[in-house]
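**Q** Encoded as structure tokens, here's the structure I'll be asking about.
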Amino acid sequence: MSKEPTRSTTRTGSIARSIRAKGWSGGVMAGPAWGAVVRSPTGAVGLIVSVVFALVLSGVAFWAREQPLVSVGRVMDRTRLVRVDIVSRDFEAERQAQDAARARAPRVYVAFDEVIEEVVSSLENLPSAVASASGVEALDEVTRRRFNITPEALASLQGEASQPAAWKRRVERLGALIRARPVLDTQTFQRSATTGLHTEIKLVSGTAGERLVHRSQLLDLGDRAGRAEASRILARDAGFFGVQAQVVADRLLAEERATYREDENAGAEARNLAAAGVAPQFQRTPAGQPIFLRGQVLTAAQHDLFLAERAQFRRLGDPWAVWLPLAGVVVAAWAIALALAAYTARFVPRIRRNPGRMISSAVLLALTLTGACILTVWRPDLSSVTISAPIVLVAMVFTVAYDQRVALAYAGLLGTLACLALDRPIGDFAVLIAGIAAAVWQLREIRDRGTVVRGALVTALALAMGTAVFGLIERPIGEVSLREIALDSGLAAAGAVLAGGVLQFVLPAIERLFDVATGLTLIELRDPKQPLLREMQVRAPGTYNHSLNVAAIAEAASESIGASGLLTYVGALYHDIGKMNKPEYFVENRVGGENKHDRLSPALSLLIIVGHVKDGLELSEEFRLPRVLKHFIEAHHGTTLVEYFYHRARQQSAAGSEAEEGAEAAREPDEIEYRYPGPKPRSKEVAIVMIADAVESATRSMPDPTPSRIEALVQSIAHKRLMDGQFDECDLTLRDLRTIVDSIARTMASIYHGRIAYPGASARA
């Protein structure tokens, strides 16, 4: 049975329920009602985007962590040991065996068959050609020179003419021997003699086919003595003796053309076939043996062993040892991704309230991490730039698109995830933070192109110094590693400069994508030659001068509390552009004559006065003003009361009630009907313009605007707006409001300062 509530519980129950309804729990303000957030359209989109974002980031981190992330030729900053016994292919031994097989593969030479056939044919026909000669003098000179025929040789050859079959057999044997002793040009001979380990060569002839001979059979066309000796041996082996052998040898020596050439394509194919025929080489590496040591320069063999060990460990290692670290990476990636989402939901309402911005921000962050991981996996030796440049670029983009706090949070968390995914040491994370901080610090407000250049150079300096300092702290010191540290520092600096260049190039696209206005755009919009401002000078000169005064007043007040003076100034210039539609209905544009509102009812006058906000928004859409300026137009009056016409309507209502005695009293006007539609200011800059606008207009009607009276007026207007709830939606504090009031009072007092009365001024006036 439930207990009856005590008197104290009953008395305080409603208070407790009220406190809980307002979001308080246990003395600490509770978070938002997450159920309601999820059920709202933007909350549902945010939840979906957060889950997909976390899935993508954890998947990228998981994949990147599985990659080797080491590069041949780099100094290793840690020692790696073999974790399980592995039998792996010895790729280095295979490469050596393949190189040896290529070196032993025979080179291929193709015969100049026409040269050999010409030599053989001339020798075969020689006896019949000299058979009828009466002496050596009767032979033609070419024959004498080619064969060096003496009288004894002539007689012997003429004797062979009667036995042509025997001579022909000896010449045919000579032809076969010539094809087995290739004569090469000097260049080819030298290359063939000094390269390779082969002992045999392949000879290819169109008439004799292919054969293998020892490489010592090659003859140099330029070595006359060697060819003379080889010619005598060939003649002898073919069956020629005496003067006939000399004639044959002289004919072979007289030939000044090579009989073979090297076929490089066929030789390369033969070497590749020989390499392909090498059997795989294996090696066994026991557990505990080092793969590489800290300070060593990684070799190709160590890299291959490292890859083999990772693959073997995934197959044979204990499942908990294999998968628990990867599960930890995934969990950490989810935590970081959800931290980004929670930070957005809690501190970045501009993104939280806009599904398009949620998606674009998530896509940008996911693409950045994916690109950084892919580039680093592809070229681990360039990690100093492949990690830092994308992260720094993200910091720059979010600084321009939102603000410094958002950029620091997003880029910092993304840098944390990149270091986690790519197994980077704490020093690399510190370098990233230094680069992010430098970029965010320098790009708070971009008023000219030089700001981006200066920001990129300062960021480059921060990254270079950070890379050098932490490289000296964390990496093994040696001649090679010092060169690597210097190179990495230079690459990190180059990455920052590259990021700055990319930002310069995509700055207009960033402004359109995130609907923001940088200082460059604001400076362009404050130019008096802008179409809207020039048209306002012509159509509503009083409103234009009023806007200039408000801009000057508001800019000083904005800078006094650390807000954006440039944004405030430009917003004040455009806040009343809607008055151009009906300028004569606004007092600052009326020069003498009757007041047009005298002939209108208060309700109709109200529509005209309030309508300048709507007209201004339409003009801003037509001329594509940035969203941030549109808020100045729509919110510079907030939901304030149009007091003049409200009181006039009340007076008319009271007068009508007195005139109609006995009749039903005229309806009292409702205050809500005579208020601007809003919205209320959502930024300090717009709130400042609201106060400055009201103060500037009210001061014009003061008969004697002394500093004390001006200060009292400013305080009165600011207090009235505060009590009316106009600052409820912006983060303006009471301290800020006090500073703004003081600044506006000083500026107004300087504008309406007392003047010296010159002698005779009254008479001249």
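The values are calculated or read from the model by the stated rules, or taken from the named source; none is laboratory data. Predicted model only: the values in this text are computed from it and were never measured. Methodologically, a virtual Cβ is constructed for each residue, glycine included, from the backbone with ideal geometry; neighbour enumeration extends over all protein chains shown.
**Q** Quick one: which residue in G196, G135 is modelled with pLDDT under 85 and under 30 Å from R104 (Cβ atoms)?
**A** Just one listed residue meets the conditions, G196.
**Q** Only residues in the stretch 736-759 that are at pLDDT 90 or above count as the first member; pair them with residues that are assigned to a loop (DSSP other than H, G, I, E, B) and surrounded by fewer than 20 Cβ atoms within 10 Å (Cβ to Cβ), Cβ under 6 angstrom, at least 6 apart or cross-chain, and list the lot.
**A** As it stands, the answer is D736/I561; T739/I561, since those pairs meet every condition given.
**Q** Could you count how many residues in the stretch 363-385 are over 16 Å from I510 (Cβ atoms) and in contact with a Phe, Trp or Tyr (Cβ under 8 Å, 6 or more places away or on another chain)?
**A** 2
**Q** What are the residues in the stretch 544-572 that are farther than 20 Å from T521 by Cα and crowded, with 24+ Cβ neighbours inside 10 Å, if any?
**A** Y544, V550, I553, A557
**Q** A further question on this structure: With the structure loaded, tell me whether R257 is in a helix (DSSP H, G or I) and among the basic types (K, R) or whether it fails that test.
**A** The answer is no for R257.
**Q** For the stretch 516-617, which fully contained helices (runs of 4 or more DSSP H) count at least 3 residues that are under 27 Å from V397 (Cα atoms) and not aromatic (F, W, Y)?
**A** 519-525, 541-560, 565-574
**Q** List every residue pair whose Cβ atoms sit under 8 Å apart, with the two residues 6 or more apart in sequence or on different chains, where the first one lies in the stretch 249-261 and is polar (S, T, N, Q) and the second, anywhere, is assigned to a loop (DSSP other than H, G, I, E, B).
**A** T259/F112; T259/P182
**Q** With a cut-off of at least 1 residues that are farther than 24 Å from G435 by Cα, name the helices (runs of 4 or more DSSP H) lying wholly within the stretch 323-413.
**A** 349-352, 355-378
**Q** Within the stretch 126-142, how many residues are under 16 Å from A245 (Cα atoms) and not aliphatic (A, V, I, L, M)?
**A** 1
**Q** Same structure, new question: Which residue pairs have Cβ atoms under 7 Å apart, sit 6 or more places apart or on different chains, and have a first residue in the stretch 265-276 that is of a type in the set (D, E, K, R) and a second that is part of a helix (DSSP H, G or I)?
**A** From residues that are of a type in the set (D, E, K, R), the pairs are R271/R102.
**Q** Please enumerate the residues belonging to the stretch 332-359 that are among the aliphatic types (A, V, I, L, M) and without any contact (Cβ under 8 Å) to a residue 60 or more places away in the chain.
**A** A335, A342, V348, I351
**Q** Among (1) acidic (D, E); (2) assigned to a helix (DSSP H, G or I); (3) in contact (Cβ under 8 Å) with a residue 24 or more places away in the chain, which single condition is E114 missing?
**A** In the conditions (1) acidic (D, E); (2) assigned to a helix (DSSP H, G or I); (3) in contact (Cβ under 8 Å) with a residue 24 or more places away in the chain, E114 misses (3) alone.
**Q** From V130, V84, grab the single residue that is modelled with pLDDT under 90, under 60 Å from the mean Cα position of the chain (by Cα) and aliphatic (A, V, I, L, M).
**A** Just a single option satisfies the conditions, and that option is V84.
**Q** Right, something else. Which members of the stretch 511-536 meet the condition of being free of Cβ contacts under 8 Å to residues at least 24 places away in the same chain and surrounded by 15 or more Cβ atoms within 10 Å (Cβ to Cβ)?
**A** Passing the criteria: only Q530.
**Q** Collect the residues in the stretch 466-484 that are in a helix (DSSP H, G or I) and under 15 Å from Q296 (Cα atoms), keeping them in residue-number order.
**A** If the condition is that a residue be in a helix (DSSP H, G or I) and under 15 Å from Q296 (Cα atoms), then E474, E479, V480, S481, L482, R483, E484 are the ones that fit.
**Q** Let me ask something else. Please go through the stretch 260-271 and pick out each residue that is over 14 Å from H198 (Cα atoms) and either in a helix (DSSP H, G or I) or among the acidic types (D, E) (or both).
**A** Those that are over 14 Å from H198 (Cα atoms) and either in a helix (DSSP H, G or I) or among the acidic types (D, E) (or both): E262, D263, E264, N265, A266, E269.
**Q** Need pairs with beta-carbon distance below 6 Å; first residue among the acidic types (D, E) and within the stretch 418-445, second in a helix (DSSP H, G or I) and modelled with pLDDT under 90; sequence gap 6+ or separate chains.
**A** So the pair list comes out as E445/G519.
**Q** Which residues, counting only those in the stretch 139-178, are over 18 Å from I116 (Cα atoms) and acidic (D, E)?
**A** Across the stretch 139-178, the qualifying residues are D140, E141, E152, E160.
**Q** Also: How many residues are part of a helix (DSSP H, G or I) and surrounded by fewer than 15 Cβ atoms within 10 Å (Cβ to Cβ) if we restrict to the stretch 618-648?
**A** 6
**Q** While we're here: I'm checking my understanding of the structure. Among residues of the stretch 457-510 that are surrounded by fewer than 16 Cβ atoms within 10 Å (Cβ to Cβ) and in contact with a strand residue (DSSP E or B) (Cβ under 8 Å, 6 or more places away or on another chain), which one is farthest from A372 (Cα to Cα)?
**A** Within the stretch 457-510, the match that is farthest from A372 (Cα to Cα) is G478.
**Q** Which one is surrounded by the fewest Cβ atoms within 10 Å (Cβ to Cβ), of the residues in the stretch 76-102 that are in a helix (DSSP H, G or I) and in contact with a Lys or Arg (Cβ under 8 Å, 6 or more places away or on another chain)?
**A** Filtering the stretch 76-102 for residues that are in a helix (DSSP H, G or I) and in contact with a Lys or Arg (Cβ under 8 Å, 6 or more places away or on another chain), the one surrounded by the fewest Cβ atoms within 10 Å (Cβ to Cβ) comes out as A101.
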